[in-house]
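Novice: Mind having a look at this structure? Questions to follow.
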Amino acid sequence: RILILDFGSQYTQLIARRVRECGVYCEIRACDVADQAVRDFAPSGVILSGGPETVTDAETPRIPAAVFEVGVPLLGICYGMQAMAAQLGGRVAPSEHKEFGYAQVRARGHSRLLRDIEDHASADGYGLLDVWMSHGDRVEAPPEGFLVIAETEAAPVAGIGDDDRGWYGLQFHPEVTHTAQGGRILERFVREICGCPGDWTPGNIVEDSIARVREQVGDRHVVLGLSGGVDSSVTAALLHRAIGDQLTCVFVDNGLLRQGEADQVMATFARHMGVRVIHIDAEDRFLTALSGVEDPEEKRRIIGNLFVEIFDEEAGKLQGVDFLAQGTIYPDVVESAGNAGGKSHVIKSHHNVGGLPETMKLKLVEPLRELFKDEVRRVGLELGLPADMLYRHPFPGPGLGVRILGEVHKRYADLLRRADAIFIEELRRWDWYDRTSQAFAVFLPVRSVGVTGDGRRYEYVVALRAVETVDFMTARWAQLPYEFLDHVSRRIINEIDGISRVVYDISGKPPATIEWE
Ligand code: XMP
């Protein structure tokens, strides 16, 4: 397994995902990790991430001594390479030519790390690599024992290597997809140079997790809040496989779910897989609690708290439960330089252990704690969950509660569910669902005039929202074809009595958010 030390790069999690894609298990630790923790981890290799700091400033993060002492291969990326060079006696200086973005690197093919990896061959026999570069400092002279293995115009030392020790540094970022051969370089490092076997596959992850859950839980009982979202669904399927009827799921239907969602959850888990699921129809309680409330944050708070309250009530009725399962995933807990608080235990707000009855004193079971979202999905497939459930667009915890602007009424929710279902059905039919990251309908409680046949209508408005995004922090509105929008609009207005106008949201994020509330 590989240890990744985080020096604060925005790409650290990406390094971890790429390593995992090579079938190799890895974990991220903050760069100031204790020497003993490095030894205890017993890594087969260590990767040092990039970071925002400059090695040439005083007081910038250093690589823990144990990293050099454990005697395993090292790969320093960007800041990681500079810190390595500086600490091993090389020379690092501020660069006059800063480089950010695309660059072409001449790779000297003699190193084990880059041998035979190239995008183009140059006339003088060097391999050329198209890479993503970002640096202010540069290494001017490699430390003793290292050879220069890559160079660019602005950085004569863009890569260093010592094949004997398996220690390497790269000024560019192999983990980002703009570096075309980055995946091969990382694979070369973790598989060949570190000698990791590549057995971190969904099948093995499932087997391994099952064994660990059985060991932790024994013959005791576990309760899980099942929402129908990816993380809780995969947790349920995994626990069911591991401990069968010792798992009880509580599914709280808050009346703010999408069309057919409650049925789908019950069909998949209870009827099809035989999971013990307690289905709580709490629509009335949620609608009553939301009555008269217009403020979005207030609605979120009410929905979140009531969920915890109902979950607690139901969990409290179960006899002999010792564990609470949660669908916590790796990005929720990862301990990294920019996130010192990540060391503490993150509890998803919807599954607040603190809110559970005192007498229950539940211990946590979190079988997905080490997995990235893409791994969770692949594990779900391995466990036989339907692909359309695993690759569904994200859906906010407060559900339609924040997609009905202002006060929530059952009639609004019913109208919105139907409009949303038509939109999603057509997106799938026109092959646009997977080309958008999130798409949904929003209910606007304003009425507008329309005519149908000989009648005049005075009914509500629905807005359609579809965005493309990678991280949901920024997003572009999806440029859906006019014919498609026309078709969806006609269907919604013709089929749903109560909606007489459809509009399409063409706001980007920023300045708008993805949700309307
Ligand atoms: P915004 O609207 O902030 O949304 O651009 C970004 C992403 O977060 C989701 N979202 C939520 N998810 N509870 C959730 O679980 C919430 O209260 C919430 N608000 C927004 C939103 O659907 C989008 O994917």
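Read the figures in this text as sums done on the coordinates, not as results from a lab. Just so it is clear, the model here is predicted, and its values are computed rather than measured. Heads up, the Cβs are rebuilt from the backbone with ideal geometry, glycines too, and the neighbour counts pull from every protein chain shown.
Novice: Among R271, R258, R108, rank each residue by its count of other Cβ atoms within 10 Å, from fewest to most, as a rough exposure measure.
Specialist: Ordered from fewest to most neighbouring Cβ atoms within 10 Å, R271, R258, R108 come out as R271, R108, R258.
Novice: Within segment 202-390, how many lysine pairs that are 8 or more places apart, or on different chains, have C-alpha atoms less than 28 Å apart?
Specialist: 13
Novice: Using a basic spin-label model with each label point 7 Å from the Cα along Cα→Cβ, how many nm lie between E309 and E21?
Specialist: 4.6 nm
Novice: Relative to the first principal axis of the alpha-carbon coordinates of the chain, what is the inclination of helix 373-382, with its axis defined by its Cα atoms, in degrees from 0 to 90 and to the nearest 10?
Specialist: The two axes meet at around 70 degrees.
Novice: Quick one: helix 202-217 against the long Cα principal axis of the chain, what's the angle to the nearest 10°, folded into 0 to 90?
Specialist: With both axes taken from Cα atoms, the answer is about 70 degrees.
Novice: Sticking with this structure for a sec: Restricting attention to segment 143-183, which chymotrypsin sites (Phe, Trp or Tyr not before Pro) occupy a DSSP loop and are surrounded by at most 14 other Cβ atoms within 10 Å?
Specialist: none
Novice: For segment 256-268, take each phi angle, set θ = phi - 60°, evaluate the Karplus expression 6.51 cos²θ - 1.76 cosθ + 1.60, and give the result in whole Hz per residue in order, putting x for glycine and proline.
Specialist: 10, 8, 6, 4, x, 5, 4, 4, 5, 4, 5, 5, 5
Novice: Grab the beta carbon distance between D263 and E144, set R0 = 56 Å, and tell me the FRET efficiency rounded to 0.05. Don't skip to the end; give the middle numbers.
Specialist: Values: r = 68 Å, r/R0 = 1.22.
The value I calculate is 0.25.
Novice: On a C-alpha basis, how far is the centre of segment 458-510 from the centre of segment 116-149 in Å? Whole number, if you could?
Specialist: With segment 458-510 and segment 116-149 each reduced to a Cα centre, they are spaced 48 Å.
Novice: Report the antiparallel proportion of the DSSP beta bridges in segment 2-193 as a percent, rounded to a multiple of 5.
Specialist: Antiparallel bridges make up about 60 percent of those DSSP assigns within segment 2-193.
Novice: Among DSSP beta bridges whose residues both lie in the chain, state the antiparallel percentage, nearest 5.
Specialist: That works out to approximately 50 percent antiparallel.
Novice: Among 440-448, 320-328, how do they line up by average Cβ neighbours within 10 Å per residue, starting with the highest?
Specialist: 320-328, 440-448
Novice: Which of rounded, prolate or oblate describes segment 202-390 when judged by the alpha-carbon gyration tensor and an a/c cut-off of 1.5? Please list the in-between numbers first.
Specialist: Numbers: a/c = 1.41, a/b = 1.27, b/c = 1.11.
Note, shape of segment 202-390 comes out rounded.
Novice: Tell me, what is the FRET efficiency for A421 and D281 to the nearest 0.05, using R0 = 25 angstrom and their Cβ-Cβ distance as r?
Specialist: That pair, A421 with D281, gives E of 0.80.
Novice: Of the peptides 426-438, 235-247, how do they stack up when ordered by the mean number of other Cβ atoms within 10 Å, highest first?
Specialist: 235-247, 426-438
Novice: Stokes-Einstein diffusion coefficient for the chain at 37 °C in a medium of 0.692 mPa s, Rh from the Kirkwood formula over Cα pairs: what value in µm²/s?
Specialist: 127 µm²/s
Novice: Related question: Which FRET efficiency value, to the nearest 0.05, do you get for A37 and A121 by plugging their Cβ-Cβ distance into 1/(1 + (r/R0)^6) with R0 = 30 Å?
Specialist: The computed FRET efficiency comes out at 0.10.
Novice: List E153, E53 from most exposed to least, where exposure is judged by having the fewest other Cβ atoms within 10 Å.
Specialist: Result, fewest neighbours first: E153, E53.
Novice: Okay, next question. For the peptides 175-184, 32-41, what is the packing order when you average, over each peptide's residues, the other Cβ atoms within 10 Å and list the highest mean first?
Specialist: The most tightly packed comes first, giving 175-184, 32-41.
Novice: Right, another one. Just subtract the alpha-carbon distance of E407 and R301 from 0.36 nm times their residue separation and send over the number in nm, one decimal.
Specialist: 36.8 nm
Novice: Considering only DSSP beta bridges with both partners in segment 152-301, what is the antiparallel share in %, to the nearest 5?
Specialist: 30 percent
Novice: Right, next: Between the alpha-carbon centers of segment 410-439 and segment 215-246, tell me the distance in whole angstrom.
Specialist: 30 Å
Novice: Taking amide H positions as placed 1.01 Å from N in the peptide plane, with prolines and chain starts having none, which residues 5 or more places from R457, or on another chain, fall under 5 Å of its amide H?
Specialist: G450, V451, T452
Novice: Roughly how tilted is helix 12-21, in degrees to the nearest 10 and between 0 and 90, from the longest Cα axis of the chain?
Specialist: Approximately 90 degrees, to the nearest ten.
Novice: Name the long-range amide H neighbours of D137: under 5 Å, sequence gap of 5 or more, or other chain; modelled H, no Pro or chain starts.
Specialist: The answer is S95.
Novice: What is the gain in length, in nm to one decimal, between K373 and S448 on full extension, counting 0.36 nm per residue of separation less the C-alpha to C-alpha distance?
Specialist: Length difference between fully extended and current span is 22.8 nm.
Novice: What ranking of I2, I422 emerges when the number of other C-beta atoms within 10 Å of each C-beta is taken as an exposure proxy, fewest first?
Specialist: I422, I2
Novice: Contour minus end-to-end for K98 and F472, with contour as 0.36 nm per residue of separation and end-to-end as the Cα-Cα distance?
Specialist: Roughly 131.7 nm would be gained on extension.
Novice: Continuing with the same structure: Pairs of Cα atoms under 8 Å, at least six residues apart: use those to get the relative contact order of segment 2-193, whole percent.
Specialist: Once divided by the residue count of segment 2-193, the mean separation gives 22 percent.
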